[in-house]
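*Asks:* What follows is a single structure, and I will ask about it in a moment.
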Amino acid sequence: MNKHLWSFAFSALALVACGKKEDAPAAVVVPTPAASAPAAVSSAEEKVLNIYNWPDYIAKDMVANFEKETGIKVNYQTFENNEALHAKLVAGNTGYDIVVPGAVFAKPQIDGGLLLKLDKAKIGNYGNLDSAIMGKLGTIDPGNGYLVPWAWSFTTVGINKGKVAKALGATPMPENAWELVFNPVYTAKLKSCGIAYLDSPTEVIPPAMHYLGKNAYSNDPADHKAAGEMLAKVRPHIRMFSSTMIDDLAGGKACVALAWAGDINIARGRAIENKSGNDVEALLPSTGGLIFFDTLAIPKDAKHPDNAHAFINYFLRPEVSASLSNELSYATANKASLAQVKAEIVQDKAVFPDTANLQKMVSPASFSNEARESMSNAFTSFKKGK
Ligand code: N2P
């Protein structure tokens with residue numbers, strides 16, 4: 001049921017997005033009036049903002065323009081997976097003013113008192129967010145008290161088309177793209193050109209459970225164990241657990257990847273830019289990918305909460321949110337920005353999946369602490385190959 005409720009929210013977004021090109025009725029096309037309140041900055045606070053985000057996840061001029069406009073100096077650092085960020089937040093004193101947790105990790109962070117409640121009075125552009133999506137995010141963050149969506153996408157399979165066709169030889173592409181990373185019949189053939197997995201328990205075990213027909217967000221250790229047993233069969237065929245997936249795909253080190261669609265899209269662009277001859281594509285598995293949301297949040301003990309609010313407000317300007325989708329091919333939840341997202345991005349199903357694909361996809365949910373630990377154990381044994 002959860003799955004279909006979420007799909008509805010995304011479909012609404014897709015409808016608005018598609019409407020741009022197809023001249024849908026005005027009632028559907030007209031975007032929310034775009035408020036663009038200026039970045040309100042408190043003079044009392046030191047002019048510093050410490051941001052902790054994922055790699056390759058910010059538009060080129062976003063920080064520089066914010067600094068120029070506000071005089072706030074931004075220190076920007078990156079982390080590679082939700083586990084790393086979560087461990088820092090739990091330890092406390094991170095020194096960060098803005099962090100970007102995946103929604104699947106945010107509930108224990110909210111419940112554990114690790115995040116600061118947003119002061120929406122300081123976020124004049126808040127109304128630009130898609131209310132249907134915010135409603136669904138409310139299942140993780142009740143009342144939308146703590147999280148502002150940065151971007152969304154889905155976990156899926158990315159391929160280098162030419163290399164995969166060659167490695168598969170006479171074997172046709174499977175109907176379900178997940179087979180390429182989870183079925184030994186395919187992985188044995190693709191081993192030669194390189195299979196890469198994301199390097200995180202909560203990025204690998206959920207799709208593996210989904211492939212097995214289980215709930216991708218199962219908290220049951222028996223399901224994690226089943227995923228581990230299935231994964232053990234393909235372990236000999238996996239070349240790497242990658243934290244540099246964009247370059248690995250773009251540069252041809254990997255021909256198949258269990259990865260984020262947005263990063264696969266970036267890799268496609270980078271491969272073209274570098275004239276590498278690598279033809280990279282994010283696939284839409286017949287049984288659906290796993291939708292994820294990454295969200296802006298302020299750690300409870302942040303030293304510069306006003307500056308953090310000012311940055312969030314700046315980010316929610318239509319043109320600033322649009323630059324993220326335009327430059328990084330990740331989807332935005334800023335409805336007022338869609339009119340400024342390039343048509344080719346809005347229509348790209350690997351960025352904004354169409355309704356038919358969205359309905360097949362798995363919506364985000366939350367893991368219990370015990371489940372994260374049990375997934376971590378399953379993943380560690382899988383990586384070690386024992
Ligand atoms: C990295 C984007 C992170 C997306 N380029 C996965 N949460």
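The values are calculated or read from the model by the stated rules, or taken from the named source; none is laboratory data. These numbers were taken from a predicted model, which means no experiment stands behind them. Note that we place each Cβ from the backbone using ideal geometry, even for glycine, and neighbour counts take in every protein chain shown. Each accessible area value is taken on the protein alone, full model and side chains, heavy atoms only, with ligands, DNA and RNA left out. Shrake-Rupley method; radii C 1.70, N 1.55, O 1.52, S 1.80 Å.
*Asks:* Mind listing whichever residues of region 74-94 are within 15 Å of the ligand (Cβ to nearest atom) and more than 18 Å from the chain's Cα centre (by Cα)?
*Replies:* If the condition is that a residue be within 15 Å of the ligand (Cβ to nearest atom) and more than 18 Å from the chain's Cα centre (by Cα), then TYR76 is the only one that fits.
*Asks:* Read through the list (1) open to solvent by 40 Å² or more (accessible area, probe 1.4 Å); (2) assigned to a helix (DSSP H, G or I); (3) among the hydroxyl-bearing types (Ser, Thr, Tyr), then give the number of the only condition that TYR186 fails.
*Replies:* Tallying (1) open to solvent by 40 Å² or more (accessible area, probe 1.4 Å); (2) assigned to a helix (DSSP H, G or I); (3) among the hydroxyl-bearing types (Ser, Thr, Tyr), TYR186 fails exactly one: (1).
*Asks:* Here's something else I'd like to know. Among the helices (runs of 4 or more DSSP H) contained in region 290-362, which hold 1 or more residues that are open to solvent by less than 10 Å² (accessible area, probe 1.4 Å) and closer than 21 Å to VAL63 by Cβ?
*Replies:* 305-315, 318-328
Let's see how each residue does on (1) more than 14 Å from the ligand (Cβ to nearest atom); (2) acidic (Asp, Glu); (3) buried (at least 19 other Cβ atoms within 10 Å of the Cβ); (4) part of a helix (DSSP H, G or I):
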| position | (1), (2), (3), (4) |
| --- | --- |
| ASN50 | yes, no, yes, no |
| ALA59 | no, no, no, no |
| GLU69 | yes, yes, no, yes |
| TYR96 | yes, no, yes, no |
| LYS117 | yes, no, no, no |
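*Asks:* Cβ-Cβ under 6 Å, sequence separation 6+ or interchain: first residue in region 142-154 and at pLDDT 95 or above, partner near the ligand (Cβ under 10 Å from one of its atoms) and aromatic (Phe, Trp, Tyr). Which pairs?
*Replies:* The qualifying pairs are PRO149/PHE293; ALA151/TYR330; TRP152/PHE293; SER153/TRP260; SER153/TYR330.
*Asks:* Given (1) within 13 Å of the ligand (Cβ to nearest atom); (2) under 22 Å from LYS342 (Cβ atoms); (3) touching a helix residue (DSSP H, G or I) at 6+ places or on another chain (Cβ under 9 Å), identify the lone condition not met by ALA261.
*Replies:* Unmet condition: (3).
*Asks:* Let me ask something additional. Kindly indicate whether any position in region 192-205 is on the phi < 0 side of the Ramachandran plot, of a type in the set (D, E, K, R), open to solvent by 30 Å² or more (accessible area, probe 1.4 Å) and more than 19 Å from the chain's Cα centre (by Cα).
*Replies:* No, there is no match, as no residue in region 192-205 is on the phi < 0 side of the Ramachandran plot, of a type in the set (D, E, K, R), open to solvent by 30 Å² or more (accessible area, probe 1.4 Å) and more than 19 Å from the chain's Cα centre (by Cα).
*Asks:* Let me ask something additional. Please give the number of the condition ALA64 fails out of (1) without any contact (Cβ under 8 Å) to a residue 12 or more places away in the chain; (2) within 16 Å of the ligand (Cβ to nearest atom).
*Replies:* Among (1) without any contact (Cβ under 8 Å) to a residue 12 or more places away in the chain; (2) within 16 Å of the ligand (Cβ to nearest atom), ALA64 violates only (2).
*Asks:* Any idea how many residues of region 213-224 are buried (at least 17 other Cβ atoms within 10 Å of the Cβ) and aliphatic (A, V, I, L, M)?
*Replies:* 1
*Asks:* Return a yes/no flag: does region 124-140 have any residue that is within 16 Å of the ligand (Cβ to nearest atom), touching a residue at least 24 places away in the same chain (Cβ under 8 Å) and in the same structural domain as HIS309 (by TED's automatic domain parsing).
*Replies:* Yes, there is a match, as at least one residue in region 124-140 is within 16 Å of the ligand (Cβ to nearest atom), touching a residue at least 24 places away in the same chain (Cβ under 8 Å) and in the same structural domain as HIS309 (by TED's automatic domain parsing).
*Asks:* Now a separate question. Going through region 102-113 one residue at a time, which ones are farther than 17 Å from PHE154 by Cβ, buried (at least 22 other Cβ atoms within 10 Å of the Cβ) and of a type outside the set (S, T, N, Q)?
*Replies:* ALA106
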